[in-house]
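Everything below concerns the one structure shown next.
The values are calculated or read from the model by the stated rules, or taken from the named source; none is laboratory data. The structure presented is a predicted model; accordingly, all values stated were derived computationally and were not measured. Positions of Cβ are backbone-derived with ideal geometry, glycine not excepted, and every protein chain shown enters the neighbour counts.
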Amino acid sequence: MQRLSILPLVYAAAVLQTSLADVISVGYVTPDLMALLAVIWILVTTGRRTFLVAGAIGLAADLISPGQLGVGMASFLLVGYALTRLRTKLDIEHLVWQVFWVGVATTVPATSQAIGSWLLGETAVPLATLLVRALGVGLYTAGVSVPLVMLIGWIREPFRARRKNLAGF
């Protein structure tokens, strides 16, 4: 059941990514909602094969974006695997760490897609400009993730602890 719940989320992220790209862009930088969904999914769900869902989200991101098919999927798989392994070694349940890793994990696919499009000759923009834009995508996506990570943290917090925190005020 949990695996099927990702399908409407991927569809919603794809629709938002394609329809709101011009509205939410700052210059040439737009948050990568598909990468955000993949990273949030990895941070929320458990399991050793969670990174495969990130790869499937990367395939969907490749299908809605211009350029070569497979560059995004490979970068999402790589980031998903690294983040899945990192979760087993470090405690990244704190809001600050989750937002930090969202920023890092969304910068890597944006960078790899920028380098891939530059190497394949799909863009005439200099590589340094593409890398700065990829960094901007990661920072902007990390900023967009703050309310989502907070909301997920509040939902996952046990009811008793939530009531105890509210009684303290």
- Residue in segment 149-156 that is of a type in the set (D, E, K, R) and assigned to a helix (DSSP H, G or I) present: yes
- Do we have residue 120 as surrounded by fewer than 22 Cβ atoms within 10 Å (Cβ to Cβ), at pLDDT 90 or above and on the phi < 0 side of the Ramachandran plot here? no
- Task: Starting from segment 58-74, keep only residues that are farther than 17 Å from residue 39 by Cα, then list their pairs with residues that are in a loop (DSSP other than H, G, I, E, B) whose Cβ atoms are within a distance under 8 Å, requiring at least 6 positions of separation or different chains.
- Result: 63/69; 66/122; 67/120; 67/122; 68/120; 68/122
- Query: Going by the conditions given, is residue 80 of a type in the set (Gly, Ala, Ser), closer than 19 Å to residue 142 by Cβ and surrounded by 22 or more Cβ atoms within 10 Å (Cβ to Cβ)?
  - Reply: yes
- For residue 12, all conditions in the list (1) among the aliphatic types (A, V, I, L, M); (2) surrounded by 18 or more Cβ atoms within 10 Å (Cβ to Cβ); (3) within 21 Å of residue 155 (Cα to Cα) hold save one; what is the number of the exception? (2)
- Query: Among the listed residues 26, 39, which satisfies the condition of being touching a helix residue (DSSP H, G or I) at 6+ places or on another chain (Cβ under 8 Å), closer than 18 Å to residue 135 by Cα, exposed (fewer than 12 other Cβ atoms within 10 Å of the Cβ) and not aromatic (Phe, Trp, Tyr)?
  - Reply: 26
- Message: Residues that are modelled with pLDDT of 90 or more and of a type outside the set (D, E, K, R), at least 1 per element: which helices (runs of 4 or more DSSP H) completely within segment 14-105 meet that?
- Response: 33-44, 50-64, 71-89
